[in-house]
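All remarks here apply to the structure that follows.
Read-outs throughout are calculated quantities, based only on the coordinates presented, and are distinct from any laboratory measurement. All values reported here derive from a predicted model rather than from experimental measurement. With ideal geometry, Cβ positions are generated from the backbone for all residues, glycine too; neighbour counts draw on all protein chains shown.
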Amino acid sequence: MHSNETWTPTQEDIEWTKKVVKGLVSGQDWMEGEMAFRKTGEEELTLLTRTERAYLALERVQTILEIIGWHLKTDTAKIIPDDPQAAAEAIQDEVQGWVCPACKEVHVVDMDLENVRWKEMGNTVYVDEEGNSMEQDRWVVAVTCACKEELFLSPDDYYLAAGDINFYRWIYEDNGKTWVARALSNEEIIARVDETKPSLVWKYGNDQHLGTTFQGSTVPPHMRGTYCTFSRLTAGEEEE
Ligand SMILES: [Zn+2]
């Protein structure tokens, strides 16, 4: 396992990494292969997550960061097992264990995971082989604990805790009213097409595809291109 001790980065590797990390602003994420880093300080990165098999790739990043004088924190990183079954189990165990950081009592899986808000917060940088960086908005899901604390989950974490039915629901405000868009499954879309008589116009006038913006709100990426049904949300309850 120590084959990496002989590995020395090329000048190109060093320059490329330097360019990437220096381009990051505080709090920004950098995805590299099967590793995710965040800039957490002046010349400091924190490893957020990596796969088990990415240990060698990580050692290489670490070697380069040492050369350019950057610090890397790895002690809080989530390590995803390579075996898919083990990975799924480890993730589920972890999800069940998440508790509110404020009251330290309520488990995230027991929170109101239906009435959440999608928000854009910062961005993530992806860098290709040529060193071209692309920025992507980083979305978070705001969940409110019974103790009133607002928690921000990554979309992936929210999906794991809340399941796909909640994941494909998007609550937004328009003209002082709260609406919920729910993405129809393929089966539902087919059923609706079958219900519609050929001579009639589309029966559900409210249903439509979402683009990048809708009624003045930016649509979260996973909802773009979905076919949705809409309802009013009053006091946390959906109305038909
Ligand atoms: Zn709480």
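Descriptive notes on the structure:
- Residue of 80, 171, 68 that the Gaussian network model of the chain assigns the largest fluctuation, springs spanning Cα pairs under 10 Å: 68
- Given charges at beta-carbon only (K, R positive; D, E negative), |dipole| of the chain in Debye: 700
- When each of 18/39; 39/78; 39/148 is checked by Cα-Cα distance, pairs over 20 Å: 39/148
- Percentage relative contact order, the chain, counting C-alpha pairs under 8 Å, at least six apart: 12
- Once the Cβ-Cβ distance of residue 73 and residue 193 is raised to the sixth power relative to R0 = 51 Å, the FRET efficiency obtained is 0.45.
- Taking Cβ separations below 4.7 Å as the criterion for a possible disulfide partner, the isolated cysteines in the chain are 228.
- Label zone at residue 227, where the point sits 7 Å out along the Cα-to-Cβ direction: segment 179-193 residues whose backbone N lies under 19 Å: 181-193
- Separation of alpha-carbon centers, segment 1-58 and segment 216-240, rounded to whole Å: 38
- The trypsin sites (Lys or Arg not before Pro) found in segment 71-151 that occupy coil by DSSP, while having at most 15 further C-beta atoms within 10 Å, are 104, 148.
- Considering all different alpha carbon pairs of the chain, the Kirkwood hydrodynamic radius works out to 20.9 Å.
- Summarising the amide proton neighbourhood of residue 51: residues at separation of 5 or more, or on other chains, whose placed amide H is nearer than 5 Å comprise 80.
- Footprinting exposure proxy for 121, 35 (fewest neighbouring C-beta atoms within 10 Å first): 121, 35
- Normalised by the number of residues in segment 1-80, the average gap of Cα pairs under 8 Å and 6 or more apart makes the relative contact order 29 percent.
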